[in-house]
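Q: First the structure, which I've put down as C-alpha cells, then a few questions once you've had a look.
The values are calculated or read from the model by the stated rules, or taken from the named source; none is laboratory data. Note that the structure is a prediction, hence the values are computed from the model and not measured. Here the Cβ positions follow ideal geometry from the backbone for every residue, glycine too, while neighbour counts run over all protein chains shown. These accessible areas exclude ligands, DNA and RNA; they are computed on the full protein's heavy atoms, side chains included. Shrake-Rupley method; radii C 1.70, N 1.55, O 1.52, S 1.80 Å.
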Amino acid sequence: MCGIVGYVGEKQALPILIEGLKRLEYRGYDSAGIVLFEKGALTAEKAAGKINHLEELLRGKKYNSTQGIAHTRWATHGEPTDLNAHPHFDCKNNIALVHNGIIENYRSLKALLERQGHRILTDTDTEILVHLIEQYYEGDLTEAVRSALTQVEGTYGIAVISAGEPGKIVAARQGSPLVLGNGDGENFIASDVSAILSHTKRAVYLNEGEIVTVTADKFVITTIDKVHRAPKVEEIDWTLEMIEKGGFDHFMLKEIHEQPSTLRNAIRGRLNFDEGITRLNGLNLQYDQLRRIDRIIITACGTSYHSALIGEYMIEEIAKIPVEVEYASEFRYRSPIINDGTLLFVISQSGETADTLAALREAKKKGATVLGICNVVGSSIARETDGGVYIHAGPEIGVASTKAFTSQVMVLALITNLLGRMRNLSVQQGHEMLEAIQRIPDQVEQILKIEDQIKEIARAYYRSNNFLYLGRGINFPAALEGALKLKEISYIHAEGYPAAEMKHGPIALIDENMPVVVIALKDSVHDKVMSNIAEVKARNGNIIAIANEGDTEIADRVNHVIYIPRTRTILTPLLSIIPLQLLAYHVAVLRGCHIDQPRNLAKSVTVE
Ligand code: AGP
C-alpha cells in the first residue's frame, strides 16, 4: 500500500527521500511524488508509474534542500495519474501533505471547503485534508493539523510541511502505521522502518491518535487531544542486509531460500527437550490459564489465513481443542460468540492488515483474550494484542509471502505442542514432536536443492491458463496456499481444492491442458489421494505430484514427481509448500511477470 518517507536534517534531502521510496516499493504502488522545501518555497514533482518516472522528472534539476517528504501511492480514490499522485497542496502552495489511508467523510468535507472557496483539483480524498489544514492554519502547523484531524473520519498516516515553517515536519497516525527514525542532527518519518534503516536504528513507533512535530534535533509527541506523550525509543534489530536481495534475482527467491534459517529462528530458544514442551513466554498466559481454554478462534487474511487453517488441523489433532478459522474480513462484521474459555489468535506477517486489526479490536471489545502471531515487531497488531509469539522471519519484501508462511506454521506447531502438553500429550510424545520440529529446517534445505527439477516442470507448464491444486487433510490448506502463490505472481488462474471434492465439480475442467498439482504424501489418506490421481489421469490431466521419498509406485501414475522427505503428518505442510513456492516462482519468471511487485497487489493491505 502507500508509503511515506520524510527527512529533516543537514544532508541533502532528495537522495535520502528517493532511496527511502525505493525501499518502500515492495509495499505496492502506482505513482510517486516528492516535495522539498527550498528557498522559502515548496517544490514538488510527481508522476504516475514507477519511481524511475519520478527520477526522470528530477534528472538534471538542481536542488539544495535539507527537508522534504515523499510518497508512493496505491490508488483508492481517483486513478493513478500524475495529478492524483501525492503530495497534495493547499490553495496557495504553502502546505504540502502526503497521506496513507482513506478519509471516509471526504465528500462532505469537500462540499464544505468548496463553499468556503477552496479549489480542489484532484479526485483524491487526501487533497481535502490539506485544504482543511489550510483552513485552520494560523502560523502553527501542528495546531492546524490537530484541528483538521478532529474533523476527519477514516484512517491516516500523514506527513505535512509548510513553507511558513522551515525545518519542521508534522506527522500523525490513526489506522496507518508511522515510525519516527531518530538520527544525530536529523530525523526521519516513514511508514515502515525499511525506509530509514540505512540511516538510523533508533525508532519511535507512533501510537494511534498521536501527532509528532519533528525538527532536525528534536521531536515532540502529543495526542490529538493535546496530551504530551513520552517517546519510547526502540532499537530496530533488522539489518540492511536483510532488506537487500543479496545476489538473488528477486526478493521472493531470496526469501524462499532463507527458509531453513528463518525456521531455525522461529524455534531458537523455544524447545525444552527435557520436558518435551515449548517455551513461549510472550503468550503471557500461565499453564492453568492455558488448561482452561476450551475453544480457539484463529482469524487472518490471505496466506496467514492458510497458515491458520493448518493450525486448526494441528491443534485439534494434538491438543484436542476445537478450533474455528475465519477470514478476518468476515469475522469483524459477524457477531462472534466469545465466552470465558475462548482464546483468539490473529495471524499477520505485517501486523498492519486492516481487516485483521479490526477483527482483533472487535474480539477485544467482546472480552476475548487475543494473542498475535506476527512478524513485524512494534506493528499495530503486535502492540494491541494481549500477548503473542513473534515469528522472527526478518523483513519479508516480496509481496508473495513465503518465509512468513512457513514461520507462522512453525509457530503454530510450537503452540500446538504447548497446548497438547497441558492436556494429554506425554513428555515422551512432546519430546518426539520437538525432535521432528527440529529436523524441519534441514529437510527444507534438502528440498531447496532440487530447484532445477522444479524449474524444468515449470518450463513444461508455464503457458497453461489454469492450474488445479489438490491436497487432503492438513495438506488441503497447503494446496490452497500453493494455488494462491501461483495466481498472485504469474496471473494464472489457480484453484486449491480438497482432493476428494474435485469430483463434485472441478473435475469438469480436467483435460490434457490442465496441470493438476497433487500433494500425495504417505499419510492416512494416501490411498484415497491415489484414487483421486487415477480420476484425473483417466481424463488426461497432467499430474505433478508432491510425494514422499521412497514412494516409487507413484512415478508410474503421474507425469512428474517431486520427492520430499518424510516427517510427522502435522508438520508436512512445512515441507510440501516449498516445491509449490518454487514452482510458482519459476512459472512467473518464465512468463516475464513482476515477481516482487505483482500487479494490483500490496504487501500490507491497510485499507478495508
Ligand atoms: C500473501 O502472499 C499475500 N500477499 C496476502 O494474501 C497476505 O498474506 C495477506 O494480505 C495478509 O497479510 P498479513 O499476513 O500481513 O496480515
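Q: Before we move on, is Glu312 in a loop (DSSP other than H, G, I, E, B), at pLDDT 95 or above and away from the ligand (no atom under 15 Å from the Cβ)? Please lay out each step first, then the result.
A: Details: in a loop (DSSP other than H, G, I, E, B): no; at pLDDT 95 or above: yes; away from the ligand (no atom under 15 Å from the Cβ): yes.
No: the conditions fail for Glu312.
Q: If you don't mind, another one. Hey, any hits in the stretch 353-371 for a residue that's in a strand (DSSP E or B) and within 16 Å of the ligand (Cβ to nearest atom)?
A: The answer is yes; a qualifying residue exists.
Q: Out of the stretch 264-293, which residues are under 16 Å from Thr369 (Cβ atoms) and either hydrophobic (A, V, I, L, M, F, W, C) or crowded, with 18+ Cβ neighbours inside 10 Å (or both)?
A: Across the stretch 264-293, the qualifying residues are Leu280, Leu283, Leu285, Leu290, Ile293.
Q: Condition check: surrounded by fewer than 24 Cβ atoms within 10 Å (Cβ to Cβ) and either among the acidic types (Asp, Glu) or within 14 Å of the ligand (Cβ to nearest atom) (or both). Does Tyr390 satisfy that?
A: yes
Q: List the number of the failed condition for Glu258; all other conditions in (1) open to solvent by less than 20 Å² (accessible area, probe 1.4 Å); (2) out of contact with any strand residue (DSSP E or B) (no Cβ under 7 Å at 6 or more places or on another chain); (3) within 16 Å of the ligand (Cβ to nearest atom) hold.
A: (1)
Q: Can you tell me which of (1) part of a loop (DSSP other than H, G, I, E, B); (2) of a type outside the set (S, T, N, Q); (3) buried (at least 16 other Cβ atoms within 10 Å of the Cβ) is the one Ile577 doesn't meet?
A: (1)
Q: Ok, one more. Please verify whether Ala479 is within 16 Å of the ligand (Cβ to nearest atom) and modelled with pLDDT of 95 or more, treating the condition exactly as stated.
A: Taking the combined requirement at face value, the residue satisfies it.
Q: What do you reckon, is Thr303 modelled with pLDDT of 95 or more, within 16 Å of the ligand (Cβ to nearest atom), part of a strand (DSSP E or B) and polar (S, T, N, Q)?
A: no
Q: So, one more: So, in the stretch 334-352, how many residues would count as being within 16 Å of the ligand (Cβ to nearest atom) and surrounded by fewer than 24 Cβ atoms within 10 Å (Cβ to Cβ)?
A: Adding up the residues that qualify gives 0.
Q: Let me ask something else about it. Within the bounds of the stretch 318-333, is there any residue that is within 30 Å of Gln446 (Cα to Cα), part of a helix (DSSP H, G or I) and away from the ligand (no atom under 14 Å from the Cβ)?
A: Scanning the stretch 318-333, I find at least one residue that is within 30 Å of Gln446 (Cα to Cα), part of a helix (DSSP H, G or I) and away from the ligand (no atom under 14 Å from the Cβ), so the answer is yes.
Q: Next up: All but one of (1) in contact (Cβ under 8 Å) with a residue 40 or more places away in the chain; (2) under 30 Å from Asn375 (Cβ atoms); (3) more than 16 Å from the ligand (Cβ to nearest atom); (4) assigned to a loop (DSSP other than H, G, I, E, B) hold for Gly592; state the number of the condition that does not hold.
A: Result: Gly592 passes all but (1).
Q: Got a sec? Which of Glu488, Glu396 is acidic (Asp, Glu), open to solvent by 30 Å² or more (accessible area, probe 1.4 Å), under 17 Å from Ala300 (Cβ atoms) and within 15 Å of the ligand (Cβ to nearest atom)?
A: One residue alone meets the criteria, Glu488.
Q: Can you spot a residue in the stretch 62-75 that is touching a residue at least 24 places away in the same chain (Cβ under 8 Å), over 19 Å from Gly20 (Cα atoms) and under 24 Å from the mean Cα position of the chain (by Cα)?
A: Scanning the stretch 62-75, I find at least one residue that is touching a residue at least 24 places away in the same chain (Cβ under 8 Å), over 19 Å from Gly20 (Cα atoms) and under 24 Å from the mean Cα position of the chain (by Cα), so the answer is yes.
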